[in-house]
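Where a number appears in this text, it was derived from the coordinates with a stated rule and is not lab data. Quantities reported herein were computed from a predicted structural model and do not represent experimental measurements. Every residue, glycine as well, gets a Cβ built from its backbone with ideal geometry; the counts of neighbours run over all protein chains shown.
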Amino acid sequence: MATINIIFSDMLKIPASDVATYQRGILEYVFGSIYYKDTSKITEANKWTIELRHTSESDLAVFKALTTEKLNQGIPHGITITTDKRVICFIPSGAGDLRIRESLQVIYHELAHMLLYLYYKNKRAARRNPDKNARAGSEGAFLTTEVHDRVFEKKMRNVEFYIDTVRNGKIKTTKFVSRGLDITDITDSRTVDRVPE
Ligand SMILES: [Zn+2]
């Protein structure tokens, strides 16, 4: 079965163990937001490619052409291109849980845009809060306005998953806790599976 494609740029210097953590985090955020029996949404999600690139790469013309926003070099940021089913995140090189948590938060932000595209492709909505040059009350694509409103409102959740590491021939399982935008009330939580009344 085709699964979501996660690509790491050669420019990005990340230890293999951290690469595995990024992969787990991405899969947890995406599939933890979709009801597990909703195979059509799972199939749609699996058609997407998530590209993790080094922050310096956002200066390349090919990526500049994809966005109207001014991208900040050095600070993690991303672009979601719905027409290509592509999410591109620019993150710094480096190792360690703190770095992973910071970068995952940016990655989850873009994944939230992606997920809302799966559920609300054409929905329009009025902003509850100001967003850059747009004032509260102005209209935009729901997949953008809702994500940015939730950033403004600090609607976050813990994104938790488990990682196995091998030390001295023994497998050690540790819990990794990261933070991401909470959109599970407007997608489908996979824990919802009611017994008929
Ligand atoms: Zn955004």
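In loop segments of the stretch 125-165 as defined by DSSP, the GluC sites (Glu not before Pro) with at most 13 further C-beta atoms inside 10 Å of their C-beta are Glu153.
Highest mobility in the GNM of the chain, judged by mean-square fluctuation with C-alpha springs under 10 Å and restricted to Gly140, Gly78, Gly25, is found for Gly140. Among the listed pairs Lys47/Lys123; Lys47/Lys170; Lys154/Lys175; Lys132/Lys154; Lys37/Lys154, a Cα-Cα separation exceeding 26 Å is found for Lys47/Lys170; Lys37/Lys154. Take the alpha carbon gyration tensor of the stretch 47-173, find the square roots of its eigenvalues, order them as a ≥ b ≥ c, and report rounded if a/c is under 1.5; if not, report prolate when a/b exceeds b/c, else oblate. Prolate. Under 5 Å between amide hydrogens, built in the peptide plane, is the criterion, and for Lys123 it picks out Phe142 among residues at least 5 positions away or on other chains. Fewest-first ordering of Thr184, Thr83, Thr165 by other beta carbons within 10 Å of each residue's beta carbon gives Thr83, Thr165, Thr184. When the chain is treated as a Gaussian network with alpha carbon springs shorter than 10 Å, the biggest mean-square fluctuation among Val30, Val166, Val106 belongs to Val166. Once the Cβ-Cβ distance of Asp97 and Thr49 is raised to the sixth power relative to R0 = 25 Å, the FRET efficiency obtained is 0.45. Rounded, prolate or oblate: pick one for the stretch 5-119, where a ≥ b ≥ c are the square roots of the eigenvalues of its C-alpha gyration tensor, a/c under 1.5 means rounded, and failing that, prolate if a/b is larger than b/c, else oblate. Verdict is oblate for the stretch 5-119. As a proxy for reagent exposure, Val19, Val87 were ordered by neighbouring Cβ count within 10 angstrom, fewest first; the result is Val19, Val87. Largest GNM mean-square fluctuation across Ile34, Ile183, Ile171, computed for the chain with C-alpha springs under 10 Å, falls on Ile171. The mean sequence distance of close C-alpha pairs (under 8 Å, at least 6 residues apart), as a share of the length of the chain, puts its relative contact order at 23 percent.
Gain on full extension, evaluated as 0.36 nm per residue between Ile171 and Ala136 minus their Cα-Cα distance, stands at 7.5 nm.
Dipole check for the chain: with +1 at the C-beta of Lys and Arg, -1 at the C-beta of Asp and Glu, and the Cα centre as origin, the magnitude is about 160 Debye.
Our helix-only sum for the chain, with -39,500 (n - 2.57) per DSSP H run of n ≥ 4 divided by its residues, gives a mean residue ellipticity at 222 nm of -9500 deg cm²/dmol.
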